[in-house]
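S.K.: Here you go, one structure.
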Amino acid sequence: MSARKLLTVLAIPIATLLAAFFAFVGYHKAFAPLAELAQHRVWTLALPVRAGRLVGWSELLLAAVLLGVWMAGLRRWAGAAALVLMVNQIAAGIVHATRGETDALPQNAVLIGLLLLVALAAWSRPVPKETVA
């Protein structure tokens with residue numbers, strides 16, 4: 001099995017699990033009461049309320065786009081979603097670090113690594129050319 005094929009085979013289930021994770025946390029950031037978010041030390045509480053809710057909505061949307069890794073024509077979109085979510089996790093890591101919540105940083109690092117794998121897989125496969133009938 002070629003390295004490219006192995007990367008894709010690994011990326012599909014990883015992207016699916018990441019999509020489920022970001023749908024879950026995005027839903028909570030978008031809809032949960034602020035007191036509940038505070039119990040879980042959600043990083044978006046460092047933002048104005050509307051901006052924090054917008055981050056939740058963006059995570060929901062990007063979770064759906066990550067599932068595009070299943071379809072050859074949407075893989076590049078899934079790769080772009082993975083990159084945006086990497087920026088999201090870098091911001092989360094910065095907020096956690098400035099608050100002294102260093103125990104949250106390994107989760108951010110793992111998510112960044114997995115998102116990088118998905119992005120690499122999305123752009124390592126050639127995009128199918130449209131056929132003209």
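S.K.: Can you list the HN-Hα couplings for the stretch 67-80, worked out from phi with the Karplus curve (6.51, -1.76, 1.60; θ = phi - 60°), rounded to whole Hz and with x for Gly and Pro?
M.R.: Values, residue by residue: 5, x, 4, 6, 10, 3, x, 10, 4, 5, 5, 4, x, 5 Hz.
S.K.: Further, regarding this structure: Which chymotrypsin sites (Phe, Trp or Tyr not before Pro) does the stretch 2-106 hold that lie in a coil by DSSP with at most 11 other beta carbons within 10 Å?
M.R.: Numbers: sites: 21, 22, 24, 27, 31, 43, 57, 70, 77; in loops: none.
Of the chymotrypsin sites (Phe, Trp or Tyr not before Pro), not one in the loops of the stretch 2-106 has a Cβ with at most 11 other Cβ atoms within 10 Å.
S.K.: Of 69, 87, 55, which is the most mobile in a GNM of the chain whose springs link Cα atoms less than 10 angstrom apart?
M.R.: 87
S.K.: So for 29, 5, fewest C-beta neighbours within 10 Å to most, what's the order? Mind showing how you got there, number by number?
M.R.: Values: 29 25, 5 12.
Listing 29, 5 from fewest to most nearby Cβ atoms yields 5, 29.
S.K.: Among 16, 102, 44, which one shows the biggest mean-square fluctuation in a GNM of the chain, springs joining Cα atoms closer than 10 Å?
M.R.: Largest GNM mean-square fluctuation: 102.
S.K.: Can you show me the helix-derived [θ] at 222 nm for the chain, built from DSSP H runs with n ≥ 4 at -39,500 (n - 2.57) apiece and divided by the number of residues, rounded to the nearest 500. Mind dumping the intermediate values first?
M.R.: Working: 5 runs with 97 residues, N = 133.
Counting only the DSSP helices, I get -25000 deg cm²/dmol.
S.K.: Kindly identify the chain as rounded, prolate or oblate by the Cα gyration tensor criterion: order the square roots of the eigenvalues as a ≥ b ≥ c, call it rounded if a/c is under 1.5, otherwise compare a/b with b/c, prolate if a/b is larger, else oblate.
M.R.: The shape class here is prolate.
S.K.: Relative to the first principal axis of the alpha-carbon coordinates of the chain, what is the inclination of helix 105-124, with its axis defined by its Cα atoms, in degrees from 0 to 90 and to the nearest 10?
M.R.: Result, in degrees: 20.
S.K.: Mind listing the phi-derived Karplus ³J(HN,Hα) values for the stretch 9-25, rounded to whole Hz, using 6.51, -1.76 and 1.60 with θ = phi - 60°, and x for any glycine or proline?
M.R.: Per-residue couplings from phi come out as 4, 6, 5, 5, x, 5, 4, 5, 5, 5, 4, 5, 4, 5, 5, 5, 6 Hz.
S.K.: Relative contact order for the chain using alpha-carbon pairs under 8 Å, separation at least 6, rounded to a whole percent?
M.R.: On the way: 157 pairs, mean separation 38.8, N = 133.
RCO, the chain: 29 percent.
Every number in this text was worked out from the coordinates using simple rules, so none of it is lab data. Everything quoted here is computed from the prediction, not taken from an experiment. Virtual Cβ from ideal backbone geometry, glycine too; neighbours counted across all protein chains shown.
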